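Chemist: One structure follows; several queries about it will come next.
The values are calculated or read from the model by the stated rules, or taken from the named source; none is laboratory data. Computed from a predicted model, the values in this text were never measured in an experiment. The protein model used for the area step is the full one, side chains on, heavy atoms only, and it has no ligands, DNA or RNA in it. Shrake-Rupley method; radii C 1.70, N 1.55, O 1.52, S 1.80 Å.
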Amino acid sequence: MPHSFGYRARTRDMFKRAFKDHGPVKMSTYLINYRIGDIVDIKANAAQQKGMPHKYYHGRTGIVYNVTPHAVGVIVYKVVGNRYIEKRVNLRVEHVRHSKCRQEFLDRVKRNHDAHAAAKEKGERVSLKRVHVLPREARTVSIAQNTPQTMTPVPYETTI
């Protein structure tokens, strides 16, 4: 039963650094450019306590709406009762990273564009829609050279 209700209560595992990832923040973290409209994942880095998000926002995805020299402003939608509230959170860059949630979509757009351009050169039409995996085709198993075998479970034995 918890007895403390502080800002970082019950975050022992949540804010823990990864295995072999302790120590100061890497310099490459500060060299990443963020632009307004970028989709970012919020992941608190325990090595930097300044500009740290509340535990609610850890693991959430949002959109950058403001960029400052050391921090970014992120819009996150929070469920409160029966509605979504737009929360604007200011976080240091150590606690955000570019999200890969749209990468598959962007790759598909590029693939479709290339396929469309290639088809247009040849003068043919190509379907760019996603097609779900179809069931396997039916086949008949012959028992001419393949006699059926009856399989039975091995009886349970105790060796004491």
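Chemist: How would the chain be classified by its alpha-carbon gyration tensor: rounded, prolate or oblate, with rounded meaning a/c under 1.5 and the a/b versus b/c comparison settling the rest?
Modeler: Oblate, since a/c reaches 1.5 and b/c is not below a/b.
Chemist: Using just the Cα positions, wrap segment 90-134 in a convex hull and report its mean projected area in square nanometres, one decimal place.
Modeler: 5.6
Chemist: Next up: Over 22 Å between C-alpha atoms is what I'm after, so list which of LYS87/LYS110; LYS26/LYS100; LYS20/LYS87; LYS16/LYS78; LYS26/LYS78; LYS43/LYS100 land there.
Modeler: Pairs exceeding 22 Å: LYS87/LYS110; LYS20/LYS87; LYS16/LYS78; LYS26/LYS78.
Chemist: For segment 86-160, rounded, prolate or oblate, judged on the Cα gyration tensor with a ≥ b ≥ c (square roots of eigenvalues), a/c < 1.5 rounded, else prolate if a/b > b/c?
Modeler: The shape class here is oblate.
Chemist: Using each residue's phi in segment 120-134, evaluate 6.51 cos²θ - 1.76 cosθ + 1.60 at θ = phi - 60° and report the 3J(HN,Hα) Karplus result to the nearest Hz, with x for Gly and Pro.
Modeler: Per-residue couplings from phi come out as 5, 5, 7, x, 10, 9, 9, 8, 9, 6, 6, 10, 6, 5, 7 Hz.
Chemist: What part of the accessible area of the chain, given as a whole %, is carbon or sulfur when the probe is 1.4 angstrom?
Modeler: 54
Chemist: Using a Gaussian network model on the chain with a 10 Å cutoff between Cα atoms, which of ASN66, ASN82, ASN45 fluctuates the most?
Modeler: With Cα springs under 10 Å in the chain, the top fluctuation among ASN66, ASN82, ASN45 is at ASN82.
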